[in-house]
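The structure under discussion appears below in the form of C-alpha cells.
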Amino acid sequence: MSAGAVTPAVAPEPPEPSEDDVLLSVRGLKKHFPVKQGFLKRTSGYLQAVDGVDLEVRRGETLGLVGESGCGKSTLGRTILRLLEPTAGEITFDGVEMVGLGNKDLKEMRRHMQIVFQDSVGSLDPRMKVGDLIAEGLTIHGIGARKERDAVVHEMLERVGMPPEAADRYPHQFSGGQRQRIGLARALVLQPKLVVADEPVSALDVSIQAQVLNLLVELKAEFDLTYVFVAHDLAVV
C-alpha cells in the first residue's frame, strides 16, 4: 500500500441476540374455527384463520403485522395473548410457555401482556366510569388501596393526554380519539412488557391518527414497551 493510503474501516459484526433478548417467541401457531351447518349445528369443516405462524419479538422492538382485512392479523394477536385458545403451536413469553397455563398462572402473566382494541366503543363497558375501567386491572390483581389506585388512574390519564376529571365520566361522553387514549391508559396501568395494538387508529380521522401514533411512540420510550402492531395500512406502519 502506498504512503498516505487510508485503510478502510471494517464495521464490527453486531452481536448475536441472546435468548434473554427475545420477549415473545411463536412457533407453528394455528387457530382454526369450526364451521357449523344444519339444524344440529354439526361441524362440517374448519376455517383456518391462522395456520402455522412463526415469529420472534425482542425486548423494546415493534413488530408490524400487516395484511388486508380478514387475513387473520387480529386473530393472531388475540391468540398470542390467549384471548383465543390456539389450535396448535407454541407461545413463549418472557421464558414462560403460555400454552397449557392454568387460569391462576395465566392471570399472573396477563399483568405483563395487554391489548389495545380497534373498537374503542365496544371494548369499553358503557356502564362503567372511565376511572373504574382503567383501575379494573389494578383491582383484579389486588394492587394498592382505593386511594392509591385512584391516584394511579389520574396519573395515567394525564400521561395519555386526558384530564384527571375524565375519570368521573362515561365512555360515550368522549370522542373516538379520546376513547382510544382511555384504552391506552387501561392497557398501560399495569405497566406491561408487551402491548398488542390491534388496528388502534384505523377508526380515527387522519389528524387524530397522527396524534395517537405519536403518543404510542412516546409511551413506548417512557415505559420501555414492546409492541406487536396490527394494521392494514402500510403508511401507518
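Okay, here's what the table says:
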| quantity | calculated |
| --- | --- |
| The stretch 155-189 - residue that is polar (S, T, N, Q) and farther than 23 Å from Thr62 by Cβ and, of those, modelled with the highest pLDDT | Gln173 |
| Given (1) under 16 Å from the mean Cα position of the chain (by Cα); (2) β-branched (Val, Ile, Thr); (3) surrounded by 19 or more Cβ atoms within 10 Å (Cβ to Cβ), number of the condition Val217 does not satisfy | (3) |
| Residue within the stretch 25-46 that is of a type in the set (S, T, N, Q), within 17 Å of Cys71 (Cβ to Cβ) and out of contact with any Gly (no Cβ under 6 Å at 6 or more places or on another chain) present | no |
| Hey, Gln114 touching a strand residue (DSSP E or B) at 6+ places or on another chain (Cβ under 7 Å), polar (S, T, N, Q) and open to solvent by 70 Å² or more (accessible area, probe 1.4 Å) or not | no |
| Any hit, the stretch 190-199, residues being outside any helix (DSSP H, G or I), open to solvent by 10 Å² or more (accessible area, probe 1.4 Å), in contact with a Gly (Cβ under 8 Å, 6 or more places away or on another chain) and modelled with pLDDT under 90 | no |
| Qualifying residue in the stretch 37-52 (condition: part of a loop (DSSP other than H, G, I, E, B), polar (S, T, N, Q) and either open to solvent by less than 100 Å² (accessible area, probe 1.4 Å) or out of contact with any Ser or Thr (no Cβ under 8 Å at 6 or more places or on another chain) (or both)) | no |
| Meets criteria (farther than 20 Å from Tyr227 by Cβ and of a type in the set (Ser, Thr, Tyr)) for Ser207 | yes |
| Residues being closer than 14 Å to Leu29 by Cβ and either open to solvent by 50 Å² or more (accessible area, probe 1.4 Å) or under 16 Å from the mean Cα position of the chain (by Cα) (or both) - total across the stretch 88-97 | 5 |
| Residue list for the stretch 170-189, restricted to those being of a type in the set (A, V, I, L, M) and either part of a helix (DSSP H, G or I) or within 10 Å of the chain's Cα centre (by Cα) (or both) | Ile182, Leu184, Ala185, Ala187, Leu188 |
| Hits in the stretch 71-87 - residues which are over 11 Å from Lys31 (Cα atoms) and open to solvent by 30 Å² or more (accessible area, probe 1.4 Å) | Cys71, Ser74, Leu83 |
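The values are calculated or read from the model by the stated rules, or taken from the named source; none is laboratory data. None of these values were measured; they are calculated from a predicted model. Note: ideal-geometry Cβ built from the backbone for every residue, glycine included; neighbour counts use all protein chains shown. Heads up: the accessible areas ignore ligands, DNA and RNA and are worked out on the full protein's heavy atoms, side chains in. Shrake-Rupley method; radii C 1.70, N 1.55, O 1.52, S 1.80 Å.
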